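First the structure, in the form of structure tokens, and then the observations on it.
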Amino acid sequence: MPNFEQSYRVLRRAADADVRSLEAYRANGGYAALEKALRGLTPEQVNQQVIDAKLRGRGGAGRLTGEKWRIVRQSQDNQKYVICNAYDADSRSLAVRTLLERNPHQAIEGILLAAYTVGATEAYLFTRSSAAAANEAIQQAVREAAEANLVGRDILNTDFSCTITVLGAEMGFMGGEETVQMALIKGRRGMPDQRPPFPSQYGLWDKPTAINSVETLMNVPYIVGEGAAAFASVGSAMTGGTKVLTIYASPVSEPQVVEVPFGATLRDILAHAGLNPVESDVRAVVVGGAEGGALPFASLDTAYDFDPLEDAGAIVGSGIVELLPANTCMVSWAMERSNYLSKESCGKCVPCRLGVKRIGGILEGIVSDLGVGGDLDVLDEFADYVPNGSLCGFGVQATNPLKTAKRYWPEHFTMHIQELRCPTGTCVPVRAHRFVTKHVLP
């Protein structure tokens with residue numbers, strides 16, 4: 001089992017020193033990495049350190065952070081921007097608000113290092129307006145940093161200047177999408193835009209923009225301060241460092257927030273959170289949050305990393321790991337997830353707007369013992385149609401619950417359709433009739 005106690009780099013635990021104030025953060029070595037970079041490293045050297053550290057985006061996509069920064073930095077445009085995505089799209093994830101509440105200055109230091117590296121003079125931190133404690137903590141930290149000449153003009157008496165503006169919004173799931181955030185910053189309706197061009201080339205106000213999650217940016221001070229090799233000494237061969245996770249022992253349990261090294265198995269992660277599930281009590285482990293996939297008990301030895309999870313049908317996503325009890329019907333679970341996601345869709349893309357809703361409707365029919373054999377073929381068709389026709393990551397991942405439920409528990413679907421009964425005896429009919437295709441005669 002990995003040494004989890006040595007993997008806490010961005011998440012402050014109750015036993016750790018309180019670093020919410022500027023004085024306490026600096027007393028624990030805070031802003032030393034920023035000063036080291038401004039006085040002794042070129043932007044190119046910082047960028048190379050981030051690349052060597054194998055720092056991948058913690059927001060779900062898993063792209064190499066340094067490669068994105070290099071594109072922005074090499075742009076000939078004089079105006080560039082940094083956006084810190086501190087918006088937990090999945091409301092059940094506590095990662096971002098916990099980081100901001102307990103360690104706000106490390107987020108600011110990471111933003112400033114990103115701005116220095118890419119050549120930006122303006123940065124935005126975008127968060128959920130409903131996360132009151134987190135917003136208060138980060139705004140207080142920005143004020144303290146500005147008063148100490150750590151934010152603003154001529155930072156630390158160098159020629160580097162950067163302002164940070166904190167913005168809050170409540171957009172549901174779609175508020176975490178990067179092009180939605182850019183639209184809201186510009187005062188426009190929050191709707192996703194087509195890519196390419198990507199924000200690193202054509203972003204905020206059509207300028208090169210580096211957009212990273214707050215967790216990603218909070219790892220940068222460690223990389224600059226301790227070196228790329230020290231950072232990558234924890235993690236997997238493909239992904240350096242750690243991930244902050246929200247762990248649920250059941251769908252209704254109180255969550256735990258932990259920080260774990262990439263490459264640790266799901267079983268070891270659960271054990272670190274004090275959970276030692278047995279197969280007779282667990283139907284599935286859901287990895288990735290609302291758009292994540294459900295994996296069987298036998299998959300608990302899967303490594304928590306982008307590629308192994310994707311191969312298994314799950315995603316890093318919002319960083320939620322949740323256990324489902326043994327009496328869970330996976331048809332009903334997929335139905336509930338699909339219905340939730342259909343309401344969260346912004347509606348811009350027809351495949352996402354209608355496809356996810358239709359998936360939920362078909363699953364409602366199956367749960368109500370109104371399904372027919374052809375429904376399974378239609379579901380397979382939608383499972384490909386929705387991701388292929390969606391502009392943003394929301395639609396691309398929206399069918400993961402359906403696909404993993406069918407992949408690992410096909411007998412739940414066939415029992416509902418062929419035997420007209422729930423495999424766990426827990427499903428309650430939610431429809432009195434099927435969706436019927438209406439043909440229009442010429």
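Looking across segment 78-90, the residues that are over 20 Å from Met174 (Cα atoms), at pLDDT 95 or above and part of a loop (DSSP other than H, G, I, E, B) come down to Gln79, Lys80. Could you tell me whether Thr117 is buried (at least 21 other Cβ atoms within 10 Å of the Cβ), within 22 Å of Thr65 (Cβ to Cβ) and not aromatic (Phe, Trp, Tyr)? For Thr117, the condition - buried (at least 21 other Cβ atoms within 10 Å of the Cβ), within 22 Å of Thr65 (Cβ to Cβ) and not aromatic (Phe, Trp, Tyr) - is met.
Of the residues Arg70, Arg56, which is of a type in the set (Lys, Arg) and either more than 27 Å from Gln139 (Cα to Cα) or surrounded by fewer than 18 Cβ atoms within 10 Å (Cβ to Cβ) (or both)?
Working: Arg56 fails: either more than 27 Å from Gln139 (Cα to Cα) or surrounded by fewer than 18 Cβ atoms within 10 Å (Cβ to Cβ) (or both).
Selected residue: Arg70, the only one of Arg70, Arg56 that is of a type in the set (Lys, Arg) and either more than 27 Å from Gln139 (Cα to Cα) or surrounded by fewer than 18 Cβ atoms within 10 Å (Cβ to Cβ) (or both).
Within segment 31-74, being closer than 30 Å to Leu309 by Cβ and polar (S, T, N, Q) holds for Asn47, Gln48, Gln49, Thr65. Restricted to segment 310-351, and to residues there that are hydrophobic (A, V, I, L, M, F, W, C) and more than 22 Å from Asp380 (Cβ to Cβ), the residue that is surrounded by the fewest Cβ atoms within 10 Å (Cβ to Cβ) is Ala326.
Output the qualifying pairs, or none if there are none: Cβ atoms under 6 angstrom, residues six or more apart or on different chains, first residue in segment 8-22 and free of Cβ contacts under 8 Å to residues at least 24 places away in the same chain, second residue part of a loop (DSSP other than H, G, I, E, B) and surrounded by fewer than 17 Cβ atoms within 10 Å (Cβ to Cβ). Correct list of pairs: Ala17/Asn28.
Given the residues Glu144, Glu122, which is the only one that is over 22 Å from the mean Cα position of the chain (by Cα), at pLDDT 95 or above and within 18 Å of Asn28 (Cα to Cα)?
Details: Glu122 fails: within 18 Å of Asn28 (Cα to Cα).
None of the other options fit; the residue is Glu144.
Restricting segment 345-362 to residues that are among the small types (Gly, Ala, Ser) and assigned to a helix (DSSP H, G or I), the residue that is farthest from Asp90 (Cα to Cα) is Gly361. Take Glu259 and decide whether it is without any contact (Cβ under 8 Å) to a residue 60 or more places away in the chain, among the charged types (D, E, K, R) and not assigned by TED's automatic domain parsing to the domain that holds Ala86. Considered against the rule, which asks whether it is without any contact (Cβ under 8 Å) to a residue 60 or more places away in the chain, among the charged types (D, E, K, R) and not assigned by TED's automatic domain parsing to the domain that holds Ala86, Glu259 comes out as no. Considering segment 8-27, and only residues there that are among the charged types (D, E, K, R) and surrounded by 15 or more Cβ atoms within 10 Å (Cβ to Cβ), the residue that is farthest from the chain's Cα centre (by Cα) turns out to be Arg26.
Conditions tested, residue by residue: (1) closer than 21 Å to Ser233 by Cβ; (2) modelled with pLDDT of 95 or more.
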position: Leu11; (1), (2): yes, yes
position: Gly40; (1), (2): no, yes
position: Pro43; (1), (2): no, yes
position: Ile51; (1), (2): yes, yes
position: Arg63; (1), (2): no, no
position: Arg70; (1), (2): no, yes
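The values are calculated or read from the model by the stated rules, or taken from the named source; none is laboratory data. All values derive from a computational prediction rather than experimental measurement. Heads up, the Cβs are rebuilt from the backbone with ideal geometry, glycines too, and the neighbour counts pull from every protein chain shown.
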